[in-house]
Structure formats: structure tokens, C-alpha cells
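J.: Below you'll find the structure I mean.
The values are calculated or read from the model by the stated rules, or taken from the named source; none is laboratory data. Note that this is a predicted model, so its numbers are computed, not measured. In this analysis, Cβ positions are derived from the backbone assuming ideal geometry, glycine residues included, and neighbour counts consider all displayed protein chains.
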Amino acid sequence: MKVSYYPGCSLLGTAREYDESNRAVCGALGIELEELEGWNCCGATSAHSTDDYLALALPARNLVIADGKGLDLIVPCSACFLRLKASEKKLLEMPLADFPYRGSLKVKHLLNFLAEDENIQKIQERVKKPLAGLKVACYYGCLIVRPPKVTGATEPEDPKEMDRLMAALGAEVIEWSFKTECCGGSLVLARPDIATKLVERILKMAKEAGAEALVSCCPMCQSNLETCQGESSHRTPVFYFTELLGLALGLSGVKGWLKRHLIDPRQPLREKGLI
Amino acid sequence: MSIAPQTSFLYHIEEKSGEKVSLCYQCNKCSSGCPVTFAMDFPPHVLLRMVQLGLKEKVLGSLTPWVCASCETCTTRCPNGIDIARVMDTLRQMARVAPAGAEDIPKFHEAFLNSIKARGRVYEVGMLLEYMFKTDVWAKIKSREIIKETKLGWEMFRRGKMRLFPHTIRGLEDIKKIFEHKGK
Ligand code: SF4
Ligand code: SF4
């Protein structure tokens, strides 16, 4: 199967390990990721906070490029995903001559795509190293689910795609109530005090629920959840969901990905003999 | 004292945002779920009431739209279907000057957008440097905040998370055109 892939800017830098694990996992599942040629930044919060045209047009250019290929557009970053979906919704409601988008494809978040029945089945068949005993809290954050009229999320207050994936890998998925609480990622540079407070609340809830690690599906959330924990000695590791997929599928790149984390996530894996 | 509502401001916001702020009946659901109320001067439902009453100066000088994290919780839950996060966008766009406590937020947006304009994608290292020099670097040196930031930068670099050279996309002229049409 072939799909278009829009990595987004973070995956070229701070979230490199996410990009590497996405490509490796999809490769192992026989899914060909074709990177969108000449893609540009979606504009993120800065565009929609500043100017409506920028917020519409920056993602629109990518949509038009993808439209030409006609393959579903897979997006691993929740912020990019929402910006692309919001722009798409507007273009379909009110076509813009500058961006002739026909809507020949579906824009999908990578998590939701890999959690589709067909793909979960493929994953289940290929699990070599079940993540038995690893207690994880699935953290979805905001923009993969909200607002549902744009994202299409059917259960925006209690999404289950990542839970299903992690369970398929044999991990112990804990129940908790902060799956979709905001981590304050958009404020991390300008008001780190606010972001830190939100991150602390999320981690406290995860720990109380018995999680030893968080799992993330967004480069903004992941990096914010790591950096806001500062230097404390009781830090909670935060995996990308595709890293755990790669681990369970027995892929060779895993060690390299995990080494890039600001909070070393290898301890709980060593304890369980997973690495 | 009585307040006579000034509807022109309300209508202006409704037109610019495309959201019917007048539908708000103050149920407080938006503010109950908002994760950032502790850092706001007015919780979201109060700000919307102020828009209804036409308290223009106060609304446009409020910290609330700036510290709003764009988490979309309010928008998802409003029983009247008001896209409150969208109204926050409109207010940020109109406010031009950010009040004390939010000064660095528009500087961040500017550095971020400049990076896109220059290369089509955000080059994190360049964007962070531009942002740092836009903000009060001296205050950061004095408060030793700069040490923390430099250390974090080094930790990222060490792990291969900082690209040394930026990439410019093919088709940058499209991006230039988009920026020329800003405000359209
Ligand atoms: S949730 Fe909607 S109706 Fe209720 S106070 Fe907020 S904006 Fe008004
Ligand atoms: S979008 Fe803004 S105002 Fe609405 S709940 Fe989130 S932080 Fe609060």
C-alpha cells in the first residue's frame, strides 16, 4: 500500500526519532510512505493567531500537491493534522481559485491510520516481542481529537486508537482521565511557567494511575512533556507510539531512536528484558 | 452604575470571526474545562460576556486570548456551538499589542512565521535564535534563565535533534506569494 507522507517541521529536528520510527514501522508493515514533494510548514498556532489567510493558505498548498497524487495524506503531528483538516474543510466549503483542491484523498493522522482494523491486524501478526508488563498511559493531547467537527474524532473525550494499538503489542494500558488534557505546548517558549504547570498535572495523574511511561502521538506534546520535567530525578519517560511499535516488531533501529530522548526511556524496558 | 451595551463591537467580532457570540448564555462550560484559567485575567465565558456588552478596550487589552493555549476544549463543549477558540484567534489578531505577561507570545509568532517565509519550513535553530534576540536577553542573563536554555540546546544538539543547516523548499515562490496576500 502506498500513501503520501507529510512529516512536518519538528520531525526534521527535535522529533527526528519519531520520523525514523514512523518510516521503519511503516516499512515493516509493507506501507510505502511517499514524502510529499516540496511540502511547506502548516503555519501551526502562529499562523492562525496572526492572520486568517496564512492559516488557510499555508496548509492549502500542501493539500493541492497531495491532491495531484490522489493518495491518502498521512500526518504524524497532531498540530499539522488539525491545520490541514481545518484548511481542507474551508476549501471544500468555499473553493479558492488560488488553491484548486478537489478532495481526492483523506487526510489522516498516522495514529488513526495505523489503528485501522486492517493495519492493527497486520501489526498483531508481526509482533515478535510483546511488551508484557509495560504499564503505559496513552496520551492523545488536544489536536488529534479537537474540535471533532474538524478532526472527525468519534470519541473526542475518550479516544481509544492508541489504547488499542498498545494492547495489540501486549502492553498494559492503564485507565486514566487525562488522555486529552492540554500540555500547553504552544506556550512552552513564551510562557514556560504555564506549560510546566499543565505538564505537571498530566504526569501526576499518570503516575497516580500507575503508569511508568507515557505514550505520545505528537512531536509538540512529546517534546513539551519531556522538557517541562526539568532536572528532577523522578522523571517519567515519554515514548512515541511508533517507537513502541518498532520495539514490539523487533526492528533494529529502536536503540538509536531511544538514545535521542531528553529523558532516557530505556530503564523500564531493561527491567522487563525488552532491550 | 449601569452599562449600556455597545452592539457595534459585538457585531464586528461576530463578522470577523464568523461566530455568533450573542448566542452565549453564560453556562460557564467553556471556562470549567479550560486548562489555563489560572493564568487569565478573565475566564473565557466572562470575556465573551464582555464582548456582548461591547467593552472593547478591556477585551482587546485582556491577557486571556494570549495565554489561551488553543486546546479547543471550549469549542468542543459549548452547547451553543460557538467556536470560542476561533474567537480567541480573532481577538489576538485584532489586539496588536500584547499586555504585560504576554509580551513574548507575538514575538514567538513573528520569529516562527519569518522562518516559514524565508525557507518554506521552520528551521528550529534559526527560529529559536531570532526569538531569543527579540525577547529581553538581558533579563534572561540576569535571571540565569539563559543558562537553562543553553543547556537544553546543548542536550538537544548532543542527541542529533538540532540540524546545523537549514533546508529551503522547492517552490519557495509560492510561499512568498502567500505572505504577500496576508490580510486577504
Ligand atoms: S460554553 Fe458556550 S454558551 Fe456556555 S458560557 Fe461558554 S461560550 Fe457561553
Ligand atoms: S482553547 Fe483557549 S480558551 Fe478554550 S479551553 Fe483551550 S485554552 Fe481555554
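J.: Can you confirm whether A:Val3 is more than 9 Å from chain B (Cβ to nearest Cβ), β-branched (Val, Ile, Thr), more than 18 Å from B:Arg86 (Cα to Cα) and free of Cβ contacts under 8 Å to residues at least 60 places away in the same chain? Even if it seems obvious, please write down each step before you answer.
T.: Values: more than 9 Å from chain B (Cβ to nearest Cβ): yes; β-branched (Val, Ile, Thr): yes; more than 18 Å from B:Arg86 (Cα to Cα): yes; free of Cβ contacts under 8 Å to residues at least 60 places away in the same chain: no.
Taking the combined requirement at face value, the residue does not satisfy it.
J.: From B:Arg92, B:Arg77, grab the single residue that is within 16 Å of ligand 2 (Cβ to nearest atom) and buried (at least 21 other Cβ atoms within 10 Å of the Cβ).
T.: Working: B:Arg77 fails: buried (at least 21 other Cβ atoms within 10 Å of the Cβ).
None of the others qualify; the one that does is B:Arg92.
J.: Let me ask another. Would you pick out the residues in the stretch A:13-47 that are among the hydrophobic types (A, V, I, L, M, F, W, C), closer than 19 Å to A:Gly246 by Cα and not in a loop (DSSP other than H, G, I, E, B)? Give the derivation first.
T.: Initially, the stretch A:13-47 is screened for residues among the hydrophobic types (A, V, I, L, M, F, W, C), giving A:15, A:24-26, A:28-29, A:31, A:33, A:36, A:39, A:41-42, A:44, A:47.
So of that shortlist, the ones also closer than 19 Å to A:Gly246 by Cα come out as A:15, A:24-26, A:28-29, A:31, A:33.
Across the stretch A:13-47, the qualifying residues are A:Ala24, A:Val25, A:Cys26, A:Ala28, A:Leu33.
J.: Would the stretch A:121-139 turn up any residue that is within 14 Å of chain B (Cβ to nearest Cβ) and at pLDDT 95 or above? Steps first, please.
T.: Pass one, the stretch A:121-139, residues within 14 Å of chain B (Cβ to nearest Cβ): A:139.
Subset that is at pLDDT 95 or above: A:139.
There is at least one residue in the stretch A:121-139 that is within 14 Å of chain B (Cβ to nearest Cβ) and at pLDDT 95 or above.
J.: Quick one: how many residues across the stretch B:95-109 are in contact with a Lys or Arg (Cβ under 7 Å, 6 or more places away or on another chain) and more than 10 Å from every other protein chain (Cβ to nearest Cβ)?
T.: Of the residues in that region, 0 qualify.
J.: Residues to consider are B:Ala98, B:Ala69, B:Ala85; find the one that is within 16 Å of ligand 2 (Cβ to nearest atom), among the aliphatic types (A, V, I, L, M) and farther than 17 Å from B:Cys34 by Cβ. Spell out the reasoning first.
T.: Values: B:Ala69 fails: farther than 17 Å from B:Cys34 by Cβ; B:Ala85 fails: farther than 17 Å from B:Cys34 by Cβ.
Being within 16 Å of ligand 2 (Cβ to nearest atom), among the aliphatic types (A, V, I, L, M) and farther than 17 Å from B:Cys34 by Cβ holds for just one of B:Ala98, B:Ala69, B:Ala85, which is B:Ala98.
J.: Here's a follow-up. What residue, of B:Phe108, B:Phe112, B:Phe179, is in contact (Cβ under 8 Å) with a residue 40 or more places away in the chain, in a helix (DSSP H, G or I) and surrounded by 14 or more Cβ atoms within 10 Å (Cβ to Cβ)?
T.: Values: B:Phe108 fails: in contact (Cβ under 8 Å) with a residue 40 or more places away in the chain; B:Phe112 fails: in contact (Cβ under 8 Å) with a residue 40 or more places away in the chain.
After ruling out the rest, the residue left standing is B:Phe179.
J.: Being among the polar types (S, T, N, Q), surrounded by fewer than 21 Cβ atoms within 10 Å (Cβ to Cβ) and closer than 24 Å to A:Ser10 by Cβ: is that true of A:Thr180 here?
T.: Details: among the polar types (S, T, N, Q): yes; surrounded by fewer than 21 Cβ atoms within 10 Å (Cβ to Cβ): no; closer than 24 Å to A:Ser10 by Cβ: yes.
Here the answer is no, as A:Thr180 does not meet what is asked.
J.: Now for a different question. Could you tell me which residue of the stretch B:1-30 is nearest to ligand 2 (Cβ to nearest atom), considering only residues that are under 20 Å from B:Arg92 (Cα atoms) and within 14 Å of another protein chain (Cβ to nearest Cβ)?
T.: Looking at residues that are under 20 Å from B:Arg92 (Cα atoms) and within 14 Å of another protein chain (Cβ to nearest Cβ), I get B:Cys30.
J.: Continuing with this model, one more query. Output the number of residues of the stretch B:52-74 satisfying the condition of being within 11 Å of ligand 1 (Cβ to nearest atom) and surrounded by 24 or more Cβ atoms within 10 Å (Cβ to Cβ). Write out each step before concluding.
T.: First, pick out the residues of the stretch B:52-74 that are within 11 Å of ligand 1 (Cβ to nearest atom): B:52, B:73-74.
After this cut, where a residue has to be surrounded by 24 or more Cβ atoms within 10 Å (Cβ to Cβ) as well, the list is B:73-74.
Residues that pass the stated criteria total 2.
J.: Limited to the stretch B:118-138, what total is found for residues that are of a type in the set (D, E, K, R), at the interface with chain A (Cβ under 9 Å from one of its Cβ atoms) and not in a helix (DSSP H, G or I)?
T.: The number of residues fulfilling the criteria is 1.
J.: If you check B:Arg86, B:Arg144, B:Arg119, which single one turns out to be in the same structural domain as B:Val36 (by TED's automatic domain parsing), surrounded by fewer than 22 Cβ atoms within 10 Å (Cβ to Cβ) and not β-branched (Val, Ile, Thr)?
T.: Numbers: B:Arg144 fails: in the same structural domain as B:Val36 (by TED's automatic domain parsing); B:Arg119 fails: in the same structural domain as B:Val36 (by TED's automatic domain parsing).
Answer to the selection: B:Arg86.
J.: May I ask you to say which residue of A:Leu84, A:Leu91 is away from chain B (no Cβ under 11 Å), in a helix (DSSP H, G or I), surrounded by 24 or more Cβ atoms within 10 Å (Cβ to Cβ) and touching a residue at least 24 places away in the same chain (Cβ under 8 Å)?
T.: A:Leu84
So that you can scan it fast, the table gives a plain yes or no per residue for (1) crowded, with 24+ Cβ neighbours inside 10 Å; (2) outside any helix (DSSP H, G or I):
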position: A:Glu118; (1), (2): no, no
position: A:Gln124; (1), (2): no, no
position: A:Gly133; (1), (2): no, yes
position: A:Ala137; (1), (2): yes, yes
position: A:Leu143; (1), (2): yes, yes
position: A:Arg146; (1), (2): yes, yes
position: A:Thr154; (1), (2): no, yes
position: A:Met162; (1), (2): yes, no
position: A:Leu165; (1), (2): yes, no
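J.: Mind checking which residues of the stretch B:66-90 are under 9 Å from the mean Cα position of the chain (by Cα) and more than 8 Å from chain A (Cβ to nearest Cβ)? Before the answer, list the steps.
T.: Here is the first cut: in the stretch B:66-90, the residues under 9 Å from the mean Cα position of the chain (by Cα) are B:66-70, B:88-89.
Matches in the stretch B:66-90: B:Trp66, B:Cys68, B:Met88.
J.: Right, here's the next one. Looking for something at the interface with chain A (Cβ under 7 Å from one of its Cβ atoms) and buried (at least 20 other Cβ atoms within 10 Å of the Cβ) - is there at least one such residue anywhere in the stretch B:163-170?
T.: Looking for residues that are at the interface with chain A (Cβ under 7 Å from one of its Cβ atoms) and buried (at least 20 other Cβ atoms within 10 Å of the Cβ), one finds none in the stretch B:163-170, hence no.
J.: Within the bounds of the stretch B:13-20, is there any residue that is of a type outside the set (D, E, K, R), loosely packed, with under 13 Cβ neighbours inside 10 Å and touching a residue at least 60 places away in the same chain (Cβ under 8 Å)? Even if it seems obvious, please write down each step before you answer.
T.: So the first thing to find is which residues in the stretch B:13-20 are of a type outside the set (D, E, K, R), and the list is B:13, B:17-18.
If we keep only those that are loosely packed, with under 13 Cβ neighbours inside 10 Å too, we end up with B:18.
With touching a residue at least 60 places away in the same chain (Cβ under 8 Å) added as a condition, the list becomes B:18.
Looking through the stretch B:13-20, at least one residue is of a type outside the set (D, E, K, R), loosely packed, with under 13 Cβ neighbours inside 10 Å and touching a residue at least 60 places away in the same chain (Cβ under 8 Å).
J.: Among the residues of the stretch B:92-102, are any within 16 Å of ligand 1 (Cβ to nearest atom) and at pLDDT 95 or above? Walk me through it before giving the result.
T.: The initial filter retains those residues of the stretch B:92-102 that are within 16 Å of ligand 1 (Cβ to nearest atom), namely none.
No, the stretch B:92-102 contains no residue that is within 16 Å of ligand 1 (Cβ to nearest atom) and at pLDDT 95 or above.
J.: Count, please, the residues in the stretch A:59-81 that happen to be in a helix (DSSP H, G or I) and farther than 28 Å from A:Met162 by Cβ.
T.: Quick first cut of the stretch A:59-81, residues in a helix (DSSP H, G or I) only: A:59-69, A:78-81.
Of the ones still in play, those that are also farther than 28 Å from A:Met162 by Cβ are A:60-61, A:64-65, A:67-68.
Number of matching residues: 6.
J.: Sticking with this one: Evaluate the following for B:Ile141: is it modelled with pLDDT of 95 or more, part of a helix (DSSP H, G or I) and away from ligand 1 (no atom under 16 Å from the Cβ)? I'd like the intermediate steps shown before the answer.
T.: Numbers: modelled with pLDDT of 95 or more: no; part of a helix (DSSP H, G or I): yes; away from ligand 1 (no atom under 16 Å from the Cβ): yes.
No.
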